[in-house]
There are 2 protein chains.
Amino acid sequence: MPTITFATGNEGKLSEARQQLEPLGFEIDAYGGGYPEIQADTLEAVARFGLETLAGEVPEPFLLEDAGLFVDALEGFPGVYSSYVFGTLGNEGILSLLADTEDPSARFRSVIGFRVDGEEHTFVGEVEGTITEQARGSAGFGFDPIFQPREAERTFAEMSPEEKIELSHRSRALARLREHLA
Amino acid sequence: MPTITFATGNEGKLSEARQQLEPLGFEIDAYGGGYPEIQADTLEAVARFGLETLAGEVPEPFLLEDAGLFVDALEGFPGVYSSYVFGTLGNEGILSLLADTEDPSARFRSVIGFRVDGEEHTFVGEVEGTITEQARGSAGFGFDPIFQPREAERTFAEMSPEEKIELSHRSRALARLREHLA
C-alpha cells in the first residue's frame, strides 16, 4: 500500500486524513518533527515555505496543512495567525472587535501543501459563514463556537464531528487532494 | 572604517542605526533582500531564525531588528505580529479590545540580532508604558498614537523624532549593541 507522510502533530487532523485517504488505498504516516511557519499574508505562502523546508527531510510524498479564520470586516484578521490570536484574544476578542460591525461575514480556509517527486501542489478548501453574536456550543476547538457555516443553523461547536466533517474547510481541501490522487 | 550590514528595507531604522553606530567608527550598509520571519512566541526566536537564514548570504558582521507592542491584558497581543495587526485592526482595534479593561499596561520591545564571525547575539530594548484611551498625535508610525511611555505625558506620536529616540525601545536595543561593539 503506498504511503503518504503527513507532517502534523495534531491527532485530529491525522485521523481526518486517514478517514479520507485510506479508502483510496493509501497509508498515512505521521511526521511529528514540526517545521517553521513563516509570517505571510496567505496560507498558501505558509504551506509552500513548509514544503520547501521539509523537502529532503521527510520522505515523499508528504503533505502538511494550515488553516485559518478570515473575517471580512477585519481585513481578513486573524487569518494565518488564527492559532496565536485564539490563544491570546480568544473568541471573546473576535466578538468584541465585531461589536459595532454590520457585516459578520467570515470564512474558514484550509490549505494542504503536497510534495511528490519534487513537485509541489496546494489544495484549498473553504467554508463561508458568519461570526455569531455570541459563542455557542462546546464541541470542536478554536473559533468553532463563533462560526456558523452558511449552510447551517448551528455553529461548528454545536455539531457532531461527522456533521462538521461534511462542511469543513479541511475536509474540502482533503477532497481536492483525493481527486488529485485518484 | 569597518562596515556592518543592516538587513532592513526600512529607511527610518537605517538612519537611526547610522546615527547611533557611526560615531563609534562603523559604516552601516543596507541589505534590502529581506528574509523570512517565522511565526513564534518571541521576537528573539524571529531574530535568530533570520540570522540563520541570512548567514552565508549577507556579509558579516550583519544585524537585523524586529519589534512589537505587547499588551499585558491581551496576553502579549499583538506581540510579534504587531505589523500585521496594525495593518488589519489598526489602533482602533487595540482600543476596542481594551475598552473594558482596567489595566492598560503595555511595552514596546525591540530585538536586534547580530552575527559576527559565525557567532550570534541578541540585544533587547524595552520601553514600559500604557495604552491611551484614545489615539493622540500624528508623528511616528504604527501604534505610536496609542502608546504613552511611563516616563512621558505624551504618546510617541506626539513627540519629535529626537524625543522619541531618547525613550524608544529600538534605540535602547541599539545602545546594547553599541556597548557590545565598544
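The values are calculated or read from the model by the stated rules, or taken from the named source; none is laboratory data. Note that the coordinates shown come from a computational prediction; the quantities given were computed from them, not determined experimentally. Virtual Cβ from ideal backbone geometry, glycine too; neighbours counted across all protein chains shown.
To keep it simple, each residue is scored yes or no on (1) among the hydroxyl-bearing types (Ser, Thr, Tyr); (2) more than 11 Å from chain A (Cβ to nearest Cβ); (3) in contact with a helix residue (DSSP H, G or I) (Cβ under 8 Å, 6 or more places away or on another chain).
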{"site": "B:GLU44", "(1), (2), (3)": "no, yes, no"}
{"site": "B:PHE49", "(1), (2), (3)": "no, no, no"}
{"site": "B:GLU60", "(1), (2), (3)": "no, yes, no"}
{"site": "B:PHE77", "(1), (2), (3)": "no, no, yes"}
{"site": "B:PHE114", "(1), (2), (3)": "no, yes, yes"}
{"site": "B:VAL127", "(1), (2), (3)": "no, yes, yes"}
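Within region A:118-138, the set of residues being crowded, with 16+ Cβ neighbours inside 10 Å, in contact (Cβ under 8 Å) with a residue 24 or more places away in the chain and part of a loop (DSSP other than H, G, I, E, B) comprises A:THR132, A:ALA135.
Only strands (runs of 3 or more DSSP E) whose full extent lies in region B:1-98 are considered here, and the ones with at least 3 residues that are over 26 Å from B:GLY129 (Cβ atoms) and either touching a Pro at 6+ places or on another chain (Cβ under 8 Å) or not hydrophobic (A, V, I, L, M, F, W, C) (or both) are B:3-7, B:27-31. For B:SER110, the conditions (1) part of a strand (DSSP E or B); (2) farther than 26 Å from B:ARG18 by Cα are fulfilled apart from (2).
Scanning region B:100-112 for residues that are at pLDDT 95 or above and either farther than 30 Å from B:TYR31 by Cα or out of contact with any helix residue (DSSP H, G or I) (no Cβ under 7 Å at 6 or more places or on another chain) (or both) returns B:ASP103, B:PRO104, B:SER105, B:ALA106, B:ARG107. Per the conditions (1) surrounded by fewer than 17 Cβ atoms within 10 Å (Cβ to Cβ); (2) under 14 Å from the mean Cα position of the chain (by Cα), the sole criterion not satisfied by A:LEU63 is (1).
Scanning region A:1-34 for residues that are surrounded by 16 or more Cβ atoms within 10 Å (Cβ to Cβ) and closer than 30 Å to B:SER82 by Cβ yields A:ALA7, A:THR8, A:LYS13. Out of A:ALA40, A:ALA7, A:ALA73, one residue alone is in contact with a strand residue (DSSP E or B) (Cβ under 7 Å, 6 or more places away or on another chain) and either within 14 Å of chain B (Cβ to nearest Cβ) or among the hydrophobic types (A, V, I, L, M, F, W, C) (or both). It is A:ALA7.
Could you tell me which of the residues B:GLY93, B:GLY113, B:GLY140 is among the small types (Gly, Ala, Ser) and in contact with a strand residue (DSSP E or B) (Cβ under 8 Å, 6 or more places away or on another chain)?
Just one listed residue meets the conditions, B:GLY113.
Among the small types (Gly, Ala, Ser) and at positive phi: does that describe B:GLY33? When the stated conditions are applied, B:GLY33 does not pass them. Looking at region A:142-182 only, could you name the residues that are in contact (Cβ under 8 Å) with a residue 60 or more places away in the chain and under 17 Å from A:THR130 (Cα atoms)? Within region A:142-182, A:GLY142, A:PHE143, A:PHE147, A:SER168, A:HIS169 qualify.
The condition of being free of Cβ contacts under 8 Å to residues at least 40 places away in the same chain, more than 30 Å from A:VAL71 (Cβ to Cβ), facing chain A (nearest Cβ under 10 Å) and not basic (Lys, Arg) holds for only one of B:THR88, B:THR53, that being B:THR53. The single condition among (1) within 16 Å of the chain's Cα centre (by Cα); (2) touching a residue at least 24 places away in the same chain (Cβ under 8 Å) that B:SER15 does not meet is (2). Scanning region A:149-163 for residues that are in contact with a helix residue (DSSP H, G or I) (Cβ under 7 Å, 6 or more places away or on another chain) and surrounded by fewer than 17 Cβ atoms within 10 Å (Cβ to Cβ) yields one hit, A:GLU151.
Residue count for region A:139-182 under the criterion of being part of a loop (DSSP other than H, G, I, E, B) and aliphatic (A, V, I, L, M): the result is 4.
Considering each of A:GLU102, A:GLU133 in turn, give the residue that is of a type outside the set (S, T, N, Q), more than 14 Å from chain B (Cβ to nearest Cβ) and over 18 Å from A:GLU158 (Cα atoms). Before you say what the answer is, go through the steps one by one.
Details: A:GLU133 fails: over 18 Å from A:GLU158 (Cα atoms).
Sole residue among the options that is of a type outside the set (S, T, N, Q), more than 14 Å from chain B (Cβ to nearest Cβ) and over 18 Å from A:GLU158 (Cα atoms): A:GLU102.
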